[in-house]
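Structure, as C-alpha cells:
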Amino acid sequence: MSLRRIAAVAERVLRQLRHDRRVLVFMLVLPAVAMILFGYSFSGDITGVRVAFVDEDDTDLTQTLRDNLRADSAFRLAELPVGQDPEQLLLEAGYQAVIRIPDKFTSLYYAHFAMGVATSAQGRIDLTLDESDPQIAATVQKGLADALMDLGEGGPVDVQVKDLYGVEVRFIDSFAPAIMGLVVALISTVLTLLSIVREKVDGTFARVWVSPVRRAEFILGYVVAFGAVALVQSLVVLSVGKLVFGILINGSIAWAFLCVILFAIGSVGLGTLLSALAQTESQAVVFFPLVIVPSVLLSGMMWPIQAIPPLLRPLSYLVPLTYSNRLLRAVMVKGLAPWQEPVGLGGLLGFVVLTIAAASLILRQRARGAE
C-alpha cells in the first residue's frame, strides 16, 4: 500500500470538488442552514392556538378566567356569543378548542365551601378539543388548568373534555398522515431528480427530444411511474400503522389516496425542477437535504406549526408537505372531505400547478437547446 498513491487520489477528489462550485457551495451552506433550522425549531414554544371562549355565566369570576387565558401567549382567544355549536366551530370555523362556561358556574364554584363546610357542589367547564394534533390538545388542557389555578379561593372545577372524534387521538394517529406525505416527497422528488440526471449523464435525455415523445407525455410518464410507487409505499405505511399500531382512521381511505396521488404529481414536478440545477448525480445528491430537512422541521410533522418560532413560521407555508399534512390529517383523522379543508387543498393544488407548469417550461427550453 502506497501512501503517495492514496494522497494522489485524495488530491484528485478534492480538486474535483473545488472546481464543482455548486457542490462546494452546498457543502458549506447546507450544514449552516440545517443547524439554524434545527436550533430554532427545537427552541420554539407553542403559540397562537385558536381558542373559542363561550361564557354563559358572565360574571367577574368568568371574566377573570377569560383574562387569564388571554394573557397566555399559547392562546389566540376569541370570545363568542352564547349558542355556538362547539363541533361546528372546530370543523368549519378553524378553532382548535372551544371552552364553554355554563350558567351558574360561579355560584357552584363558591358553593363548594359554603359556610366553611365542603359540599358536593362544584363548577363545571365544557372543553371540546380538536385532538387531530395531540400536542395542541395537551397545550390547551395545561393552559386551562393554569388559568383555573389563578382564580383564587373556591371549589374544584370539573373540566369535562369531549373527544371530538369519539376516541382519544394519539400522537401516532396524527403522525401517520405526515409519514405518508413524507414518503411521497422522498420517493417522487428524489427518484425523479436522480432518474432525469442519470439520463442526462448517459446521453439518453438528449435523444428523447429528437424522438416522437412530447414533453407532456414525458412528464406524465414520470407522474404515472413514481405516483404508483409512492401510492404503494403509502399503502404499506398505512397498513402497518393500522395493523400494528391501530391508528385512527375516521375518514375515507379513497379520498386519502387521491390526496396522496395529487401530492405525488406535484413532487414529480419538483424533482424535474431540481434536475435543471444538477448536471451530475453527485450534484443531485446534494439536493436531498433541501427536500428532507424543511419537510421534517417546518411542515408540522414533528411538532405543530404554532411551535415553530415566528421568525421561521412563514417558511412553513413554502413547504409543500405542510399542505399535504394538513389535508391528509383533515381527511384521515377528522373525517372531512378534501374541499372541507380549503387551505390544505388550495396549497396542494397550487403546488401541483406551479411545479408542473415550471417543469414544462424547463423541458421546452431543453428541447430547443437540443435542436
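Overview of results
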{"item": "Per-residue Cβ neighbour rank within 10 angstrom, fewest leading, ILE46, ILE308", "result": "ILE46, ILE308"}
{"item": "Rg/Rg_ref, region 49-163, where Rg_ref = 2.2 N^0.38 Å and atoms are Cα", "result": "1.04"}
{"item": "Relative exposure of LYS142, LYS200, judged by other C-beta atoms within 10 Å (fewest first)", "result": "LYS142, LYS200"}
{"item": "Within straight-line cross-link reach of LYS142, lysines at Cα separation under 21 Å, skipping those fewer than 8 residues along the same chain", "result": "LYS162"}
{"item": "Proxy reagent accessibility, fewest Cβ within 10 Å first, across SER295, SER195, SER282", "result": "SER282, SER195, SER295"}
{"item": "Rg/Rh ratio calculated on Cα atoms of region 171-370 (Kirkwood radius)", "result": "1.00"}
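Every number here is computed from the coordinates shown, using simple stated rules; none is lab data. Everything quoted here is computed from the prediction, not taken from an experiment. Please note: Cβ atoms are built from the backbone with ideal geometry, for glycine as well, and neighbour counts cover all protein chains shown.
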